[in-house]
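Shown next, in structure tokens, is the structure this report addresses.
The values are calculated or read from the model by the stated rules, or taken from the named source; none is laboratory data. Predicted, not measured: the structure shown is a model, and the values here were computed from it. Virtual Cβ from ideal backbone geometry, glycine too; neighbours counted across all protein chains shown. Heads up: the accessible areas ignore ligands, DNA and RNA and are worked out on the full protein's heavy atoms, side chains in. Shrake-Rupley method; radii C 1.70, N 1.55, O 1.52, S 1.80 Å.
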Amino acid sequence: MGQKRTLGVVEDSTGVHRRDLDARERILDAAWKNLAELGYSKLTVGGVAADAGVGKATLYRSWSNKAALVLDVIRSQLHAVPTDDLGDSRQEMLTVASKAMLRFYGSGRLRAVLPSLIGDLFDDEALREVMRVEILEARKQQSTVVLERAVARGVLPEDTDLSLVLDMWAGTMLFRSLFAAESVTEEEVGRLVDATIASPPRKPVAAADDA
């Protein structure tokens, strides 16, 4: 049985056309399903298109290749990194850890695809680099804004290793998602933040002097 489609009428320089308005959502859903069942290496554009009930040409209009599709699939699960000044560094750190990180690493969809995706990342250096630069590092830089504000307020010492703080939070959540039946809880996020404030990781003396 084919996928139910919602068609809309659009007009451009080439004339009037009927466009499948739900195609993008179905394609992303189908890609998640294929990632969970097959892993990145065995996922094919044709298979995703077939599961979504669209032709490959429809898919290629939005994504140039499989890697671009998978990265967009992952982006679809990302919540914006909250960097607003709330006047309370602990609350700002909690918000980043909970809304930007826990909602991602703890999501049921991501937990379903993580094992196969991580395995494929080790075998595909190009995909791993794009994932690191375009998703992980980009969001890490945004999150650092909140930690830098905490340093400026004196909540964290000047020699706090901000990158390591974020890696510790993400590492804990990722480990739990991979190896435990349940993700990190909101209460545990609070304990991670409180532990960071009480005893933050510090830069080596030479690195602190050079900063």
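What FRET efficiency, computed as 1/(1 + (r/R0)^6) with R0 = 45 Å and r the Cβ-Cβ distance, is obtained for residue 61 and residue 194, rounded to the nearest 0.05?
0.40
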Cα centre as origin, Lys/Arg/Asp/Glu Cβ charges: the chain dipole, Debye: 920 debye
Value of relative contact order over the range 56-211, rounded to a whole percent, pairs C-alpha under 8 Å and six or more apart: 27 percent
Trypsin sites (Lys or Arg not before Pro) restricted to DSSP loop in the range 79-159 with at most 13 other C-beta within 10 Å: none
Calculated FRET value between residue 151 and residue 118, using beta carbons and R₀ = 22 Å, to 0.05: 0.10
Loop GluC sites (Glu not before Pro), the range 100-201 (other Cβ atoms within 10 Å of the site Cβ: 10 or fewer; DSSP): 182
Residues of the range 113-153 with amide N under 20 Å of a point placed 7 Å along Cα→Cβ from residue 91: 143-153
Of all accessible heavy-atom area on the chain, the percent that carbon and sulfur account for (1.4 Å): 52 percent
Average accessible surface area per residue within the range 21-151, 1.4 Å rolling probe, Å²: 48 Å²
Computed [θ] at 222 nm, helices only, for the chain once each DSSP H run of length n ≥ 4 contributes -39500 (n - 2.57): -17500 deg cm²/dmol
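On full extension of the chain, what length is gained from residue 126 through residue 41, given 0.36 nm per residue of separation minus the C-alpha to C-alpha distance?
Length gained between residue 126 and residue 41: 29.3 nm.
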Residue 202 long-range amide H proximity, modeled H, under 5 Å: 161
Furthest towards positive pole of dipole, 112, 156, 50, structure part the chain, Cβ charges: 50
Anchor residue 203: lysines whose Cα lies under 26 Å away (excluding residues fewer than 8 positions away in-chain): 140
Helix runs (DSSP H) in the chain reaching 20 Å along axis by Cα, Kyte-Doolittle at least 0.0: 108-123, 162-179
